[in-house]
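Undergrad: Encoded as structure tokens, here's the structure I'll be asking about.
The values are calculated or read from the model by the stated rules, or taken from the named source; none is laboratory data. These numbers were taken from a predicted model, which means no experiment stands behind them. Here the Cβ positions follow ideal geometry from the backbone for every residue, glycine too, while neighbour counts run over all protein chains shown. Surface areas here come from the heavy atoms of the whole protein model, side chains and all, with no ligands, DNA or RNA. Shrake-Rupley method; radii C 1.70, N 1.55, O 1.52, S 1.80 Å.
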Amino acid sequence: MMTNLSASPAIPAPRPSPWAVAAGLVALTLLFLVSGGGWLIVLLGIGLVGPYFTNHRLETESYLRWMIRIAIVALIYQVSQGLDESGRSASLAVGSVGLRTLFGQIYAAEMVVQAWRRRDAGGHQATLSVVLFSALVYLTACNVFNEQLVTFITPVYMLFVAFALREWRSRTVPAAVPGVAAVSPDARRRTLTVMQRVSVILLTLGLGFGATRSVTVFKDSLNDLGNRLLVDQRMFENLGMSSQPELGSAFNLRGGTNRILRVLNLAGDGHLRGATFVEYESGRWGPALRRYNFTVADSESLSPLQPLYGNQISRSRDDMTITRLTNMSLLFAPTNAVGVTTGDELDTRERVEWSIDAGGVMRNRANPPYNYIVTMASDAPSYQGPFAQPILAEKTPLRERYLQVLPEKAADGKPNKDGAYMRTLTGQITKDAPTAPEKIIAVTQHLLNNHKYSLSTNVGQGDPVASFLREKKDAHCEFFAASATILLRYAGVPTRYVTGYLAHEPGQETGETIVRQRDAHAWCEAWVDGVGWVAVDATPGDGRPDEMVQEKVSAFQRINEWFQDTFQKLKDRLADIPPAVLNLIVVASALLPLGIYIVYSVTKAKRARALMAGAGFAYTMTDETLAALSARFEQAFAKAGRPLKPEATYTEQLAVTKPDALSETGRQFARLYEVARFGGRRDRETFDTLTGLVEQTEQNADQVRDNRKR
């Protein structure tokens, strides 16, 4: 800091390293290119280099900094509403174009704010902040399948980051140790010749381009390696619904207390099917859901005018609204539903796909919460609607598929003892049950009389179902459902294995039922000629989610669910407001505090001018007065044996000095001095405060000098 203020050039306010600014501009350039342009990104780039053209800064303790943040984010939100995602979302690796650009611009806005902040310790703090937020902008912009663009720009960006961090480190070296000669950063830099610097830069760029090129060339091999590492992991749908159930020692589907569905006006017995499976082999049901053929389901297919089978004509119908609360693809409904009314068929995410081969399993990609309506026939409990595709003819491939049992011979060619045992057992169970309904009752009663429910079991040797039946084990609902499915097939009744949820928990509102992850359940569906598909639940009562003792939902989770529901109701009400009006309200609300601050500042300035005009005179410090205070300040530190250097600001030098009374008073003077010199605060109060701090600094300096003499 120069002593003679009037003779020395103006000292610029602390600012980030030019390398950090260059890294930020590269990140903004990539975001601009991958998002298809945008004037707001250009303005953010101009704002990033702005600190090099002015000494004005955002004070750390000022509310203005937060007002500007809120205003910029609101502006970004408003601009992002106009982004067209059609035809461009395919170029992204994850998410949508609008979401990527929104977050990228928010990170960029914070990078600009950090560049304009006033730092007590100098510009090296701003350098680190700008580098960190430029990295966030760059990572967000890298969410694109255009590898050539990212491959070309990444080495350049990393080079700028390396130079910025090197300069940041050189500005944060600790104070010199007494008796040890310090080497200045400039002296270290001079040890490298120009050719050496150029060579290092070229080598760095070469390594960067080479590394990114290698990853691009060998990416298929790296992906194959990752796939091989993951191949043995089981494939699950989100939150409990397995895409291919397998009988194990514990119930695979039973989970925690997280909410999955909300049902208003529940109709039927509460069984909400999600998926069905037909093929059985050694305890595993299939085929996996991903192997089924899903097609788009239109409204006529999901809500047929007449039942697909049987003579149950409904004249009394009830609608229940199901809300899917979590991010999963399956839709749940009772087997005997009359029809389903879903969302907008033109919206690709809400469009429902279903697989008739899988018994009418439904899915879509809509985000939660997603509402759909299921219509039930209150006067026809066995109504054969869209999820009850009939089996009409005897000895057809379709019917035989639902009658598949264990093979007669094992893999070694010998008779299959497990299959023979279950065939014999079925004959004993159903010897007095000639009809399909009677066989269903007999098989269900046998399982309830000979087995108890247990959350875990020993699978045993051989086929899991045969071992369960032979040894009369206790097990969970998957074993009861699988056993009923297989035994009824041996009895000649077509069946399929079903997974879903059993709705039973009353909600907070009238007519509301909550379905949680722990309500996952498995049962059987059987085909009865003349009636159609009916649900068969052979699990003992104490093992059904509606009767078993379950963990109590914590008060904290109840409160959290209340806040979620309240927030969703607010969103639903706001959804009725036209988007243009809603966006205008959001932006206006965000800009209002900034506008009030500007009006207040202008009014305050006018009042000050009016007071000055009325009083005829108001004290204002001149440059000479400020320079005199600066000279006394520097002389005090020189007396204490701590001379201040002219090539750095007071704040930068005092940030690395040892903490004592002299340093603390000096830092207070330095902060107020910068405000007076660069911020224009030169009133009497500021002059008196600076004078007092200088006098205190002189006293502390005398004390330090006296201590040194002792």
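Undergrad: What is the packing order of peptides 636-649, 513-526, taking the mean over residues of other C-beta atoms within 10 Å and listing the highest first?
TA: The densest-packed peptide leads the list: 513-526, 636-649.
Undergrad: Please tell me which of these pairs span more than 19 angstrom C-alpha to C-alpha: Lys452/Lys473; Lys395/Lys431; Lys452/Lys552?
TA: Check vs 19 Å cut-off fails for Lys395/Lys431; Lys452/Lys552.
Undergrad: With a ≥ b ≥ c taken as the square roots of the eigenvalues of the C-alpha gyration tensor of region 429-523, please select rounded if a/c is under 1.5 and otherwise prolate if a/b is larger than b/c or oblate if it is not?
TA: Here region 429-523 falls in the oblate category.
Undergrad: Further question: Once you have a ≥ b ≥ c as the square roots of the Cα gyration tensor eigenvalues for region 248-323, tell me rounded if a/c is under 1.5, and otherwise prolate or oblate according to whether a/b is larger than b/c.
TA: Cα axes put region 248-323 in the oblate bin.
Undergrad: Now for a different question. Between region 683-710 and region 413-467, what is the C-alpha centre distance in whole Å?
TA: 96
Undergrad: Still on this structure, please answer the following. For region 154-163, just list the computed ³J(HN,Hα) in residue order, Karplus coefficients 6.51, -1.76 and 1.60, θ = phi - 60°, integers in Hz, with x standing in for Gly and Pro.
TA: For region 154-163, the Karplus-derived couplings read 4, x, 5, 4, 5, 5, 5, 5, 4, 5 Hz, x marking Gly and Pro.
Undergrad: To continue, here is another question. In terms of modelled amide H atoms, which long-range or inter-chain residues lie less than 5 Å from the amide H of Ile260?
TA: Val515, Arg516, Gln517
Undergrad: As a test, work out the antiparallel percent of DSSP beta bridges whose residues both lie in region 415-552, rounded to the nearest 5.
TA: 95
Undergrad: Would you work out if region 293-417 is rounded, prolate or oblate? Take a ≥ b ≥ c from the square roots of the eigenvalues of the alpha-carbon gyration tensor; rounded if a/c is under 1.5, else prolate when a/b is larger than b/c, oblate otherwise.
TA: It comes out oblate by the Cα gyration axes.
Undergrad: Using the Cα centre of region 288-401 as origin and beta-carbon charges of +1 (Lys, Arg) and -1 (Asp, Glu), tell me which of Ser329, Tyr309, Val296 is placed farthest towards the positive end of the dipole.
TA: So the residue furthest toward the plus end is Ser329.
Undergrad: If you don't mind, another one. What does the highest-first list of 536-547, 284-295 look like by mean Cβ count within 10 Å?
TA: My ranking of the peptides, most packed first, is 536-547, 284-295.
Undergrad: Now for a different question. Rolling a 1.4 angstrom probe over the protein chains, ignoring ligands and nucleic acids, what is the accessible area of Arg684 in square angstrom, nearest 10?
TA: Accessible surface of Arg684 is approximately 110 Å².
Undergrad: Still on this structure, I have one more. If you count, for each residue, the other Cβ atoms within 10 Å and average over each peptide, how do 478-485, 109-116 line up from highest to lowest?
TA: 478-485, 109-116
Undergrad: Same structure again: Please list the non-local residues whose amide H lies under 5 Å from the amide H of Val536, H modeled 1.01 Å from N, same-chain partners needing a gap of 5 or more.
TA: Cys524, Glu525, Ala526
Undergrad: So, for region 374-490, what is the accessible surface per residue at a probe of 1.4 Å, expressed in square angstrom?
TA: 48
Undergrad: Moving to a separate point now. Please report how far the C-alpha centroid of region 263-302 lies from that of region 490-552, rounded to the nearest whole angstrom.
TA: 13
Undergrad: Name the aspartates and glutamates eligible as straight-distance cross-link partners of Lys709: C-alpha to C-alpha under 17 Å, and not fewer than 8 places from it in the same chain.
TA: Glu698
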